[in-house]
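Colleague: Before I ask anything, here is the structure I am working with.
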Amino acid sequence: MCGKLFVMSTSPPASLRERKKQRTRQALIDTALAKFTEQGFDGTTLDELCEAVEVSKTTFFRYFGGKEDVALAPVEDMWTAFVADLGSREPGSRSLVEVLQESLLSALSGMPGEDWAQRLLLSRRIAAGMPSIDAHGKHFCERTTNEAVDVLRARFGLSDQVDLRARLAMDLVIAAFHRALELWLQRADSHTRDELADCVREVFAAVPGVLEVSVDSA
């Protein structure tokens, strides 16, 4: 996922100018998701999107690197919040995976309620079967992983010898979230943020037993 990471600040209270910027950004996301759903991703031009929100392309590119960025904004925002939360974690007696799980659940709980969950649902439906969005997502995932590993090294003083384990731990966390997201999307009932968090916990609960699974020979 290329484009600009939009770091969500938790303090101090946003100024009037910042609140206006946040409203503009959110209007772009909501309008884009609605138009992509109605007209298709390829069937919606950037000109149409900017005209609907009454902003220029220059304004659009202050927030997003392109249509793929705005289509994936809900999940990108969550991972951006994850990296920020990880940087605030204190060393303790937990395992590395437990720390990462805590940050993921904290980032998820910080997303703006059920409006965010519905945006995420629309985003995943739009992204399905779209190679350009998939490629964009993989790029963002790689960049986020590298940023998280850098934070782990700086925050917890990990040496070069454990960098591989830090990277593998991040790969595991991302894979676990993707599986949790699949479980969440498969549900026929409502799709809420809390239900997604429950799916994340369910998947992480299965992680410790993964290496213990044996395959009996026939």
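Colleague: Under the condition of being in contact with a helix residue (DSSP H, G or I) (Cβ under 7 Å, 6 or more places away or on another chain) and of a type in the set (Val, Ile, Thr), which residue from the stretch 25-58 is surrounded by the fewest Cβ atoms within 10 Å (Cβ to Cβ)?
Modeller: Thr37
Colleague: Related question: Taking Leu185 as the residue in question, decide whether it is farther than 21 Å from Glu90 by Cα, assigned to a helix (DSSP H, G or I), out of contact with any Ser or Thr (no Cβ under 9 Å at 6 or more places or on another chain) and at pLDDT below 95.
Modeller: yes
Colleague: Same structure again: Of the residues Ile126, Ile133, which single one is more than 19 Å from Ile174 (Cβ to Cβ) and either within 15 Å of the chain's Cα centre (by Cα) or assigned to a helix (DSSP H, G or I) (or both)? Break it down stepwise before answering.
Modeller: Values: Ile133 fails: more than 19 Å from Ile174 (Cβ to Cβ).
After ruling out the rest, the residue left standing is Ile126.
Colleague: Quick check on Gly3: is it at pLDDT below 95 and surrounded by 18 or more Cβ atoms within 10 Å (Cβ to Cβ)?
Modeller: yes
Yes or no, residue by residue, for (1) touching a strand residue (DSSP E or B) at 6+ places or on another chain (Cβ under 8 Å); (2) over 19 Å from Thr80 (Cβ atoms); (3) without any contact (Cβ under 8 Å) to a residue 40 or more places away in the chain; (4) of a type in the set (Asp, Glu):
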| site | (1), (2), (3), (4) |
| --- | --- |
| Leu152 | no, no, no, no |
| Leu158 | no, yes, yes, no |
| Asp163 | no, yes, yes, yes |
| His191 | no, yes, no, no |
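Colleague: Any residue in the stretch 194-218 that's in contact (Cβ under 8 Å) with a residue 12 or more places away in the chain: show its pairings with residues that are assigned to a helix (DSSP H, G or I) and among the charged types (D, E, K, R) at Cβ separation under 8 Å, as long as the two are six or more apart or on different chains.
Modeller: Partner pairs satisfying both residue conditions: Val203/Arg179.
Colleague: Quick test for you: out of Arg89, Arg119, Arg125, pick the one residue that is among the basic types (Lys, Arg), in contact with a helix residue (DSSP H, G or I) (Cβ under 6 Å, 6 or more places away or on another chain) and closer than 29 Å to Ser190 by Cα.
Modeller: Selected residue: Arg119, the only one of Arg89, Arg119, Arg125 that is among the basic types (Lys, Arg), in contact with a helix residue (DSSP H, G or I) (Cβ under 6 Å, 6 or more places away or on another chain) and closer than 29 Å to Ser190 by Cα.
The values are calculated or read from the model by the stated rules, or taken from the named source; none is laboratory data. Quantities reported herein were computed from a predicted structural model and do not represent experimental measurements. With ideal geometry, Cβ positions are generated from the backbone for all residues, glycine too; neighbour counts draw on all protein chains shown.
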